[in-house]
Amino acid sequence: MGGSEISEVPGAPGQPEAQLYRLGRNLGFISGWAIFTLGLYLVLYLTHRKLPLVVIALAAGAIAVAGKMLKRIFGEREALTSKTQAHLQKNAKGAIGERLIGYYVHDYAQGLGAGFREFGSAVSTLVNTLLLAVVYILAVGPTSLIAKFAGKKFLQNAPEPENESYWEELELGTGKREEYYRQF
Amino acid sequence: MYILGISCYYHDAAAALIKDGIVLAAAEEERFTRRKHDSSFPLNAINYCLRSQGISMNEITYIAFYEKPLLKFERLLSQHIQMFPRSFKTFVSSLPGWINEKLRLPKTLRRQLGYKGPILFIHHHMAHAASSFLVSPFQKAAVVTMDGVGEWTTTTYGRGEGNHLHLSKEIRFPHSIGLLYSTITGYLGFSVNNSEYKVMGLSPYGVMQRGNNEYYHKLKKVIDIKPDGSYRLDMRYFTYHYGDRMPSAALCELLDGPVRRPEEAITQRHQDIAAALQMITEEVMAAVLQHAYEQSGCENLVLGGGVALNSVYNGKILSSTPFKRVWIHPNATDGGNSIGAAIYAYNAVLGYPRRYVLQDAYLGPAYSRREIKDFLDNSGVRYSEFRSEDECVSATARLIAGDLVVGWFQGRMEWGPRALGARSILSNPCNPHMQEILNEKVKHREKFRPFAPVVCEDDALKYFDCDVPIPEPTDFMLMVYPVREQWRSVIPAVTHVDGSGRLQTIRRHQNPSYYDLIKEFGRITGVPILINTSFNIRGEPIVCSPYDAYKCMMGTGIDCLVMERFLIYRKDNPQHAWDSESLAKD
């Protein structure tokens, strides 16, 4: 085999595949936004609530931006599903020499898919945040207040110098097999 | 009977496969996905385990998971209820992960693996205990586990005998020496759950005398340690029980300054804080071990959990406690719990006798000559091939003696966070500039961080002031010992500022070519010691495949790569060169 036709190592910054991926990702995000807007417009049209397309587009954009900001605030880790993992693994570049045109198209397509997923993730983050905020205020809040009134403490937060020891009983040994089928 | 052990969803996802009580394969997910401390479901690691034995999920009798998810969820909800409304942010950020992933493990296993068999859930700290005791050479031992937190437990002690383990007492969340260490790690500007070992390496630069270190007295205010080793933290100084930032404003005030930014210079104050933290941690560990000894009456000790990676203290255990022997799993963190869960299921739950002792940590994937050659040829890499193992060893020894930095890629990949001669960067410890060369050109890491030596086990006592006999955890780089004074100026590159070294000892049966290489280097230079550092760019996991190794070499100052019997020089392949420095980060 002769010398390689490529001049860069895959995955390094500034490489053609990184730029194509970024381009695809941006276009994917915009495409997701466009499809979401059209979808909203269609739903509103079918339910006889007419709003200008521009207004819907702006609302969809605001939802996506809000979702992205919330993601940054709450630092939510996007769990890689096994399908995504398998996809990435399959497409990992094993042979540095094989930089055919097909791979460049492939990098762009990967970026496009990532952009779509990013838009969907932003919208779901916003919805999740609102729902969880409601649960937190309506369920966790009252439980906390009742516990405080009843003097129940779930965590011990301070040292107790008068105690001789902080060890607590555990007595954990081998139990019956059925106990290990339980998640608690 | 095949049992698959799995750990995932918190940090360091991993999978391990055992057959009839013998560990056949194990690997961390990060090595395949190339995301450090990857916590996602370890599909790649599982696939590797199955492929390595030529089996499918149909042959798996049990899956053992490393914790009880519902108990952990109970603890999380308790935190949120107790700390309402301050816990709002973590509630919103963490709950989706629980609902989508962590509470659906049986479904995930069925969907992604097609597995319909039984799943055993093992308590987190029991998995830690099992990962050390049940693969150790001991039939009877005191067991101590210490980590950040499992379900509720942060520290336990107990006893192991034969097939069985019994954990007697515990310390519960939020009181955790592991989380104290992580909090201060974050305060010093390093990444949590990743860089605690850097704080350990920084501590000798601070004042290591209790009376003279003002931060020791300050940090003592945040923890109350009882004579029996139990302890409790004053949670006013911490926020991890409700927030995403670990040091509180009160802690910053106590330590005379805000959290250090990563780009900020490390001052004497930071070094003294690191030293104070190390002294307090050692105090707690010593008291816990003393109490465990008194309660168990055993001369043998096994340690588990992430705090067991504190190799500075580990090197003092046998000289400062009544224990005569110690054993620590090479992957004492959550990743190692995949082995712990599987072996506990086999020996304790199912009741089969023990028949395995972990002698080495080479449990990951290996690549055949054919696979490596195909990769090199398909990629257009210029290389040469040694005709024999002896030629490979002697040529490599000469390259290292000539002050070249050599990437060494041999056999099965290591299990655990340390490179142990399968995926290592090797260089000459006698060159006084080698530490600088490695730090600046190859590893791109902080100047204060020392490099570690590797020495053959039969030469170790000549150069290092080790315990006698040399404890087995030294094979896994889990013990720090002083370099003997007369050799410190001879091997400056692996001698830390306090005269210590985190050495690896190697026995020939563990890795013959590595052993022979060190001996050959000793014949050439008179000093049978090498610098052994992990084969990776800073911020990336240790390399796994030939592609990873080649890419790492071409992006750094590594001069050449020895992959099995293939030799590749970086300078012969300029077309593949790239600069990894812009990517280097924690």
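The values are calculated or read from the model by the stated rules, or taken from the named source; none is laboratory data. Keep in mind that this is a model prediction, so the values were computed, not measured. Every residue, glycine as well, gets a Cβ built from its backbone with ideal geometry; the counts of neighbours run over all protein chains shown.
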Answer yes if at least one residue in the stretch B:154-166 is touching a residue at least 40 places away in the same chain (Cβ under 8 Å), farther than 27 Å from B:PRO471 by Cα and charged (D, E, K, R), and no otherwise.
no
Only one of B:VAL284, B:VAL307 is β-branched (Val, Ile, Thr), closer than 16 Å to B:VAL480 by Cα and touching a residue at least 40 places away in the same chain (Cβ under 8 Å), namely B:VAL307
Could you list all residues from the stretch A:140-169 that are facing chain B (nearest Cβ under 8 Å), surrounded by 13 or more Cβ atoms within 10 Å (Cβ to Cβ) and out of contact with any Ser or Thr (no Cβ under 6 Å at 6 or more places or on another chain)?
A:VAL140, A:GLY141, A:THR143, A:SER144, A:ALA147, A:LEU155, A:GLN156, A:ASN157, A:PRO159, A:GLU168
Output the residues belonging to the stretch A:170-184 that are outside any loop (DSSP other than H, G, I, E, B) and within 7 Å of chain B (Cβ to nearest Cβ).
A:LEU170, A:GLU171, A:LEU172, A:ARG177, A:TYR180, A:TYR181
A:SER121 under 30 Å from B:ARG34 (Cβ atoms), buried (at least 16 other Cβ atoms within 10 Å of the Cβ) and modelled with pLDDT of 85 or more
yes
Between a first residue in the stretch B:67-87 that is more than 7 Å from every other protein chain (Cβ to nearest Cβ) and under 20 Å from B:HIS125 (Cβ atoms) and a second residue that is polar (S, T, N, Q) and part of a helix (DSSP H, G or I), which pairs have beta carbons less than 8 Å apart while being 6 or more apart in sequence or on different chains?
B:GLU67/B:ASN337; B:LEU76/B:SER94
Check whether at least one residue in the stretch A:108-125 is facing chain B (nearest Cβ under 10 Å) and either within 23 Å of B:PRO85 (Cα to Cα) or touching a residue at least 40 places away in the same chain (Cβ under 8 Å) (or both), and report yes or no.
yes
Residues of the stretch B:313-330 that turn out to be surrounded by 24 or more Cβ atoms within 10 Å (Cβ to Cβ) and touching a Lys or Arg at 6+ places or on another chain (Cβ under 9 Å), as a count:
2
So, in the stretch A:88-107, of the ones that are within 14 Å of another protein chain (Cβ to nearest Cβ) and more than 22 Å from B:ARG35 (Cα to Cα), which residue ends up modelled with the lowest pLDDT?
A:GLY97
Considering only helices (runs of 4 or more DSSP H) wholly within the stretch B:255-359, the ones with at least 2 residues that are closer than 27 Å to B:GLN504 by Cα and at pLDDT below 95 are none
Any idea which of B:ARG523, B:ARG508, B:ARG445 is assigned to a loop (DSSP other than H, G, I, E, B), at pLDDT 95 or above, over 23 Å from B:ALA332 (Cα atoms) and out of contact with any Pro (no Cβ under 8 Å at 6 or more places or on another chain)?
B:ARG508
Identify the single condition in (1) more than 11 Å from every other protein chain (Cβ to nearest Cβ); (2) basic (Lys, Arg); (3) part of a helix (DSSP H, G or I) that B:ARG104 does not satisfy, given that it satisfies every other one.
(1)
In the stretch B:381-424, how many are within 14 Å of chain A (Cβ to nearest Cβ) and either free of Cβ contacts under 8 Å to residues at least 40 places away in the same chain or of a type in the set (Val, Ile, Thr) (or both)?
1
Only one of (1) over 25 Å from the mean Cα position of the chain (by Cα); (2) within 15 Å of B:VAL562 (Cα to Cα) does not apply to B:TYR352, and that is (2)
When you scan the stretch B:118-179 for strands (runs of 3 or more DSSP E) that lie fully inside it, which ones turn up with 3 or more residues that are in contact with a helix residue (DSSP H, G or I) (Cβ under 6 Å, 6 or more places away or on another chain) and away from chain A (no Cβ under 11 Å)?
B:140-146
